[in-house]
Structure formats: structure tokens, C-alpha cells
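**Q** Handing you this structure, nothing more for now.
The values are calculated or read from the model by the stated rules, or taken from the named source; none is laboratory data. Since this is a predicted model, take the numbers as computed values, not measurements. As a convention, Cβ positions derive from the backbone with ideal geometry for all residues, glycine included, and neighbour counts pool all protein chains shown.
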Amino acid sequence: MTGANEGNVEMKGGLRSDQISGVVLIAIALVVIWFNREFPVGTLADPGPGYVPLLLACTLGGIGLLVAVMGARSQSMAETEWPEATRALIIMVACVAATFALERIGYRLTTAAFLVFFLGVIERKHPLAVVLVSAGFSVASFYVIGTLLKVPLPVGPWAF
Amino acid sequence: MIETFNSLMMGFSVAFQPQVLMYAFFGCIIGTLVGMMPGLGPLAGISLLLPATFGLNPIIAIVLLAGVYYGAMYGGSTTSILMRIPGEAASVMTCVDGYAMTQQGRAGPALAIAAIGSFVAGTLGVIGLMLMAPTLASFALRFGPPEYTALLLMGLFVLAYMSGGSMLKTLAMAVLGLLLGMIGIDVMSGYTRFSFDIVELGDGVGIVPVAVGLFGISEILLTAGQADPPKVQQPTLRQLVPTKADLKLSVGPIMRGSVLGFLIGIIPGSAHIISSFVSYGIERRLSKHPERFGNGAIEGVAGPESANNAAATGAFVPMLALGIPTGPVTAVMLAAIMVHGILPGPMLIQQQPDLFWGFVASMYVGNVVLLVLNLPMVGLFVNLLRIPYAYLYPCILAFCILGCYSVSNSTMDVWIMLVMGGVGYILRKFGFDLAPVALGLVLGPMLELSLRQSLAMSGGDYMIFLQRPIAVTMLVLGLVLLGLALKPLIFKSKDWRSSVGLDENID
């Protein structure tokens, strides 16, 4: 339930969240139109692979314009709070690192290291709990998903 | 009627096979646990379990995933009532009066009425599904490309009208989803579009990484770092028994919620969320004492809980009869069927009667399992909520990575999930509803194919949509609803959302 509420009683100055949203939507539409130029649009009787993407990009641009124009009463960007942004960034970086490692060092090692980072470094839990949860989760999930349900999971050079 | 009965009996012979029963039971348990955990809604649960169904037969796969779906609907109500934490968005309205009842020491009757309402709604919903889906499927055999185009466009217009938040933003998200659906090989010309020389993108963007990213990862990004959940009340079995007055007050809301939820469930969009809001608004309006709402009115639990469960069943009607998903959950379930080489569409019921009727019968079984099993075990289930969130969210993240990787054994799906997670986080901060993105992604290729085929049929004449009665009816209906959705924007009047308390955007 976060986000920009339309119709705030007390309005602060500056850019509005919907105005920025509208501009970003228009930018996305323009990028799609730019990349879509590689594909033939065709004719009405024989529409090509570029026809529908062009139609959709134009629609998106039009909606973006309406969102921006009608966004004058939306929440001010200055009022939008981002208290969880730093934590969210750390989570994303850790997920990116885990994805890089997954096929290189295997599922169990990656997952154990991933959980040690979160529980030990970020959440600062007791070392014994960190070790038990990390090792237990990675081994148990590999056993259930990989061994019992026969879903192939990556195994690294050290057979983990 | 006799034919339907015979088919249902055949379905029960499938559903009562020990293996199918076991998986239905297993799905309900997993669903309940998933529904109770904040950050893991039914969609994330189903998406993560999807790879594990590849080795199963298609009937068992769909029975398992459906069990997770309606189990999650039930599980979400438990945390809403006991802790004021909606395990998933459809349970938001249950929090209001359910938690107020808990504070008054009446958590037991609230949980019992939620379970009974869910059971009645689920059962009535299955009867509706059983009667409507075959009729709709035989009607849909008359559909050609123009009718499918009109149907899909009508679905998108209805989505805009019924959206929980801003209509323009909902449409923007649907178009964004449709554009995502354009990535990959164009089936009519063979061109590979928007793949940026990444081989894996040639097959397009999968629904699972998009859904897990948009809903699972973005939820964790928004909630990480929050305080541990508060203390949980555990009502005893005796406390669960509702009084006669509770039952009397709940009968009407349960019946109205069931019918309303089922009808809204058939419509594309966040049906189960909207149905619970609309049901709450209607019950408050119909009540002789509307001031009780918000202060522990049992009707405020009975109506929304019945509505969201009936909507979950209603969503299966277009999925099974037409092969068209109404939301991300049914889209993932369609993917589960397609993995087994089964083509969804109007012919599914005729060609795969075991699958359809076995599925219908298993839903009756699943509803009974949920009622009988979950109420006595509620004390056991809430123990899960004692796990501190600091331990829970890293494990959920690891599951998300594992689930997406397993779909096609490729890290590309994990990258897509992470990108969509980041995009979803920002979109939610800006008040966008994410369900239309996932829906657009699935409908995109269908809409493009039927539109281009229609234009090829008519030699480029758009009038083809106005010359065919079924197509024109659906288009007119969709445009009327779009007009109604635009009215408040143009004339600054209030629309249906404000009358049911749905002013805020639904994430």
C-alpha cells in the first residue's frame, strides 16, 4: 500500500510522482520505437513483426502523456520516502553475486554463503544459528528439490 | 445434467486415486503455509513449486498447484485475523474486523467463520465452474481470430475498469506487459525481436521469473528490515466454535460473497483482491448497524473471505474453458499444463476429460481437506509465524533464486527475476498495480497473433471486428466499461472504487 496517493490535501511544490512516471513511460515508448525500426511494420493487409510493437509503444506513449498531464495532484517526489532503499540495494547486490556464483561454485555452497552473509553480516545473528540455518537450509533444500523431486541443480567443481 | 453428473463421477474416480489425494492434501498444506507467510503469496508459492511438477503427470501437477492456490487463500486469513498481517493482498479486508475480533478475545469464531465461509464459497465456486466451463468452451468453438482479439481486448478494458488503483496506470502496466510479451521469436515471420543477441531471450520472457520478481522479490525489498512480528494468539479448539448469533449473521454475507466473488473471479485482473473489497463494501452498506464494521463485525470477515475464495475458483473458468488466464496465478498454472504438451483452449475439456473433471473433483476434496484439517491445526500453523523475519526473508530469497533457476536450468531466468524485482519495487513505490504486467505478458503473444490473423483475413480492414456479432458485442461491452472508467477522470466524479473503500492503490 505504498506509493503515490492522488489528491493529497496539503501539496508541496516540485515534481510530482505521476509526472515522473508519465515521462518514464514516454521514454520507454520511445526506446521501443527506436529498437522496433529494425523490424518491418508491413501493411494493414499483411502486418509485419514490427506492427504490434509499434502500436503498443504508441499506446504506451499516449498513456504516459496522460499520466504526466493528469499527475499534477499526485504525491510530490519530496514526500516519497525511501527508508528501506539502502537495505533493498544490499539485497539486490547479494542476489546478483549469488546468481553469478550459482553455476560456478554450485547450489549448496552459493546458498550457504548467501545465508551466512544475510544472517551473519546483515542481521548479526548468533554464529551458531547462522551456521546451522545456512548449512541446514542449503543441504535440506538440495535434498528435497534436487534429490527427491529430481530437479537438476548446479553442482560446483568441489561436488557441492 | 446427467452427462455432467457422470463426468463428475469419472472425475471423482480420478481424484480419489491415492496419489492424487496425497498431492491435493500436500498442496493444501503448502498453500496454507505459503499464504500465512508475508512475502510469499499464492503466486510466488505456485511459481516456486512449478519446476517440481515437471516430473509429475499433468492431472497431479494441476491438482497440486490448485491446492496451493486455494490453500494460500485460506492461510492468508489466519495471519490477518490473529496478527493483522495479511499473508496475501486478498486478505487485507479480513484484517479490519478479524483483528478487531481477536482483540476482543473472539479470534476463534473469526477463524471458524473464515474457514466455513471459504469452504462454502469454494464448494459453490466449483459447482459454478463445473456448470459454466463446458458451456463456455462449446460456445468458444465458434470463435475465430477476430472473436479472440475482441475477447482479449475486452479483458484488458474490463481490467482497467475493475482495477484497484488508477485506471490509466493499470492500462500502462498492461501495455508494458504486452510489450514484454513481444520479446522473442515472432511466430508468423520468424524474426527474433528485442532479444539483443541474447540466445535465451529467443524463447521470450517466461511468466515465472517475471511473476516471482514482480511479486516475491519486490515485496521483500519493501519489507526487509522491518521489526519482528508481534506475539501470536493461539485459540483452543473449543474457542473455535462460533455462536448461533455468529452463524446467523454470517449466512447472508457468505452466500453474497460466494456469488459476487465467483462472478468477479471470471473477469481479468486482481479478482480475488477486488472481490474482497467489494464484498466488504456491500456488507457494510447492507448492514443495519454499519458502525460495527471496523470494530469486530463478523460479517466483515465472512463476506470478504468467502468472496476471495470464490474468486479463486471463478478464475479457473476462462482458464479451462478458453485457455485464457485472468491473472498471473492462472497464467503460471496454464504454463504447468503446457509443459506436459497439453494445449489449453476450448477443446481441452473434450480432449482431456480426465484432466478437467479430475481437477473439478479434486477441488471438492481440497475444500473438505482445508476445512477439516486446518481448523484443528491452526495452533500448529501459527508457530511458523514465530520464525523471526530476519531468518525468513533470506530463505525466501534463496527459494526464489532456486525456483527461477529450476524452470529451465538457466541463470537467465534468475537475471530476469532480479530485474523485474527491482522494477516491481520502484513501480510499487510509485503506486502502480503489478498484476496487469504479468497478465499482459501472457496475453501479448495471443493478442498479436489473433490481431494479425484477423487483419490478414480481412485484407487489412478493421471493419471485420464490427461485422461479426460475437466480436462486436464483446468490443462494445469493453468500450462501455472503458468509457465508465474514463468518466471520473473527465467529469471529476466518484467511481465505484470510492464506494467500496478501494481508494488506495493495491500492490
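**Q** Working only within the range B:178-197, note down all residues that are more than 8 Å from chain A (Cβ to nearest Cβ) and on the phi > 0 side of the Ramachandran plot.
**A** B:184, B:190, B:196, B:197
**Q** Modelled with pLDDT of 95 or more and either within 26 Å of residue B:436 (Cα to Cα) or not in a helix (DSSP H, G or I) (or both): is that true of residue A:20 in this structure?
**A** Spelling it out, it is not the case that residue A:20 is modelled with pLDDT of 95 or more and either within 26 Å of residue B:436 (Cα to Cα) or not in a helix (DSSP H, G or I) (or both).
**Q** In this structure, does residue B:450 turn out to be buried (at least 17 other Cβ atoms within 10 Å of the Cβ) and not hydrophobic (A, V, I, L, M, F, W, C)?
**A** Here the answer is yes, as residue B:450 does meet what is asked.
**Q** Here is a follow-up. Among all residue pairs at least 6 apart or on different chains, which show Cβ distances below 9 Å where the first residue, located in the range B:198-219, is within 17 Å of residue B:402 (Cα to Cα) and within 14 Å of chain A (Cβ to nearest Cβ) and the second is part of a helix (DSSP H, G or I) and basic (Lys, Arg)?
**A** B:218/B:428
**Q** Restricting attention to the range A:21-41, which residues are surrounded by fewer than 18 Cβ atoms within 10 Å (Cβ to Cβ) and farther than 23 Å from residue B:168 by Cβ?
**A** Scanning the range A:21-41 gives A:34, A:35, A:37, A:38, A:40, A:41.
**Q** Kindly state which helices (runs of 4 or more DSSP H) lie completely within the range B:321-425 and contain at least 3 residues that are of a type in the set (Val, Ile, Thr).
**A** So the answer is B:328-339, B:353-374, B:389-408.
**Q** Another one. Conditions first: (1) without any contact (Cβ under 8 Å) to a residue 12 or more places away in the chain; (2) farther than 24 Å from residue B:53 by Cβ; (3) touching a helix residue (DSSP H, G or I) at 6+ places or on another chain (Cβ under 9 Å); (4) within 12 Å of another protein chain (Cβ to nearest Cβ). Residue B:451 passes all but one, so which condition is the exception?
**A** All conditions pass for residue B:451, except number (1).
**Q** When only residues in the range A:30-42 that are more than 9 Å from every other protein chain (Cβ to nearest Cβ) and aliphatic (A, V, I, L, M) count, which is farthest from the chain's Cα centre (by Cα)?
**A** A:41
**Q** If residue B:55 meets every condition in (1) away from chain A (no Cβ under 14 Å); (2) without any contact (Cβ under 8 Å) to a residue 12 or more places away in the chain; (3) over 30 Å from residue B:135 (Cβ atoms) apart from one, which number is that one?
**A** With respect to (1) away from chain A (no Cβ under 14 Å); (2) without any contact (Cβ under 8 Å) to a residue 12 or more places away in the chain; (3) over 30 Å from residue B:135 (Cβ atoms), residue B:55 is out only on (1).
**Q** Among the numbered criteria (1) buried (at least 21 other Cβ atoms within 10 Å of the Cβ); (2) modelled with pLDDT of 85 or more; (3) farther than 20 Å from residue B:57 by Cβ, which single criterion is violated by residue B:391?
**A** The single condition residue B:391 does not satisfy is (1).
**Q** Filter the range B:10-29 down to residues that are of a type in the set (Gly, Ala, Ser) and under 25 Å from the mean Cα position of the chain (by Cα) and give me whichever is surrounded by the most Cβ atoms within 10 Å (Cβ to Cβ).
**A** B:27
**Q** Quick check on the range A:104-121. Is at least one of its residues outside the structural domain of residue A:24 (by TED's automatic domain parsing), among the small types (Gly, Ala, Ser) and under 17 Å from residue B:405 (Cα atoms)?
**A** So far as the range A:104-121 goes, yes, one or more of its residues are outside the structural domain of residue A:24 (by TED's automatic domain parsing), among the small types (Gly, Ala, Ser) and under 17 Å from residue B:405 (Cα atoms).
**Q** Now for a different question. I'd like to check which helices (runs of 4 or more DSSP H) are fully inside the range B:133-238 and have at least 3 residues that are modelled with pLDDT of 85 or more and under 26 Å from residue B:425 (Cα atoms).
**A** Where helices (runs of 4 or more DSSP H) fall fully within the range B:133-238 and carry at least 3 residues being modelled with pLDDT of 85 or more and under 26 Å from residue B:425 (Cα atoms), they are B:167-180, B:218-223.
**Q** Okay, moving on. So residue B:132 fits all but one of (1) of a type outside the set (Ser, Thr, Tyr); (2) under 24 Å from residue B:277 (Cβ atoms); (3) crowded, with 22+ Cβ neighbours inside 10 Å; what number is the exception?
**A** Looking at each condition in turn, residue B:132 falls short on (3).
**Q** Now a separate question. Going through A:92, A:77 one at a time, which residue ends up being modelled with pLDDT under 90 and surrounded by fewer than 20 Cβ atoms within 10 Å (Cβ to Cβ)?
**A** Every option except A:77 fails the conditions.
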